[in-house]
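Below are the structure tokens for one structure; questions will follow.
The values are calculated or read from the model by the stated rules, or taken from the named source; none is laboratory data. Bear in mind the structure is a predicted one, so any value in this text is a computation, not a measurement. Note: ideal-geometry Cβ built from the backbone for every residue, glycine included; neighbour counts use all protein chains shown.
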């Protein structure tokens, strides 16, 4: 599914019965276990929703979206609200990179998806 859509997401399969040290390192205790690795500095996210391929693909797409996006209209804001369970908007008169980075970092520690309006 992802390959057909031209996605750059790459998947790997590990046989945890053979790779027991790796399974222990990432706390794999049941099968199937699906984890998303995004950079070496963060612990992986564990997929816990549904068992259908579509559930997994939808989850991966959502997790690979940018954590923030610029919203330029009320209609765009309504669409973001309608399509997300949790939305946080930040309003800035002037975008100052340090302030914006601090805003995003503090929110990213709490939420996976943040949208902001400027």
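Scan region 1-33 for residues that are modelled with pLDDT of 85 or more and surrounded by 10 or more Cβ atoms within 10 Å (Cβ to Cβ) and jot them down.
14, 15, 16, 19, 20, 22, 23, 24, 26, 27, 28, 33
Another question, then. The conditions are (1) modelled with pLDDT of 80 or more; (2) under 30 Å from residue 97 (Cβ atoms); (3) surrounded by 11 or more Cβ atoms within 10 Å (Cβ to Cβ), and residue 38 fails exactly one of them. Which is it?
Of the numbered conditions (1) modelled with pLDDT of 80 or more; (2) under 30 Å from residue 97 (Cβ atoms); (3) surrounded by 11 or more Cβ atoms within 10 Å (Cβ to Cβ), the odd one out for residue 38 is (1).
Please determine whether any residue of region 41-53 is loosely packed, with under 11 Cβ neighbours inside 10 Å, in contact (Cβ under 8 Å) with a residue 24 or more places away in the chain, not assigned by TED's automatic domain parsing to the domain that holds residue 85 and not in a loop (DSSP other than H, G, I, E, B).
yes
Regarding residue 80, is this residue over 12 Å from the mean Cα position of the chain (by Cα), in the same structural domain as residue 2 (by TED's automatic domain parsing), surrounded by 10 or more Cβ atoms within 10 Å (Cβ to Cβ) and not in a strand (DSSP E or B)?
No, not satisfied.
Next question. Under 8 Å between Cβ atoms, which residue pairs at least 6 apart in sequence (or on different chains) link something in region 90-103 that is loosely packed, with under 10 Cβ neighbours inside 10 Å with a partner that is assigned to a loop (DSSP other than H, G, I, E, B)?
91/118
Quick one: would you say residue 68 is at pLDDT 85 or above and either surrounded by 13 or more Cβ atoms within 10 Å (Cβ to Cβ) or under 14 Å from the mean Cα position of the chain (by Cα) (or both)? Give the steps one after another, and end with the answer.
On the way: at pLDDT 85 or above: no; either surrounded by 13 or more Cβ atoms within 10 Å (Cβ to Cβ) or under 14 Å from the mean Cα position of the chain (by Cα) (or both): yes.
Judged against the criteria, residue 68 is not a match.
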